[in-house]
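Shown next, in structure tokens, is the structure this report addresses.
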Amino acid sequence: MDITSIPLFAMFRGRMNYFTERQRLVAENVANANTPGYRPKDLAPFRFRSSGPSGLARGGSPDPEASTVMAVSHPAHQRPTGPDAAAAARGYRPERTADAVTTLDGNQVSLEDQMMRMADSRMNYEAAIGFYQKSMSMIRTAARPPR
């Protein structure tokens with residue numbers, strides 16, 4: 001059996017990929033801290049889904065979070081355009097907070113908030129790695145022949 005087909009490890013891998021992408025977005029936000037009109041981006045909160053490849057939940061009902069990209073069912077239908085549509089297709093969205101700091105040039109990046117997000121992502125990533133390593137250790141112990 002391939003270790004990547006074990007659901008627990010797939011979950012850990014998904015969580016680590018989520019925090020890797022979140023770190024990339026935070027770095028992009030910090031890099032654009034002086035760009036006029038720039039709005040910071042963040043990922044939607046990570047959720048553990050129990051849906052299969054068909055997008056159905058275990059009970060056979062549709063999973064409302066299984067798809068985040070709008071489907072086009074007919075070639076004549078118009079696809080969403082613009083930076084927000086492209087961002088939604090990649091799984092992140094511009095932040096919309098009531099207490100956002102906006103400078104005179106329209107930039108809404110708060111470096112303090114971004115540093116807190118970066119620290120949070122790093123701690124959660126390290127926790128996921130720790131759980132992954134402990135799970136691997138348990139499998140190695142279980143697979144070891146008796147003495």
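The values are calculated or read from the model by the stated rules, or taken from the named source; none is laboratory data. These figures come from a predicted structure and were not determined experimentally. A quick note on method: Cβ atoms are made from the backbone with ideal geometry, for glycine too, and the neighbour counts reach across all protein chains shown. Heads up: the accessible areas ignore ligands, DNA and RNA and are worked out on the full protein's heavy atoms, side chains in. Shrake-Rupley method; radii C 1.70, N 1.55, O 1.52, S 1.80 Å.
The table below gives the values:
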| quantity | calculated |
| --- | --- |
| Among residues of region 50-67, those that are surrounded by 13 or more Cβ atoms within 10 Å (Cβ to Cβ) and either modelled with pLDDT of 50 or more or charged (D, E, K, R) (or both), counted | 1 |
| Residue list for region 1-31, restricted to those being of a type outside the set (Ser, Thr, Tyr), within 22 Å of MET116 (Cα to Cα) and open to solvent by 40 Å² or more (accessible area, probe 1.4 Å) | ARG15, ASN17, GLU21, GLN23, ARG24, ALA27, GLU28, VAL30, ALA31 |
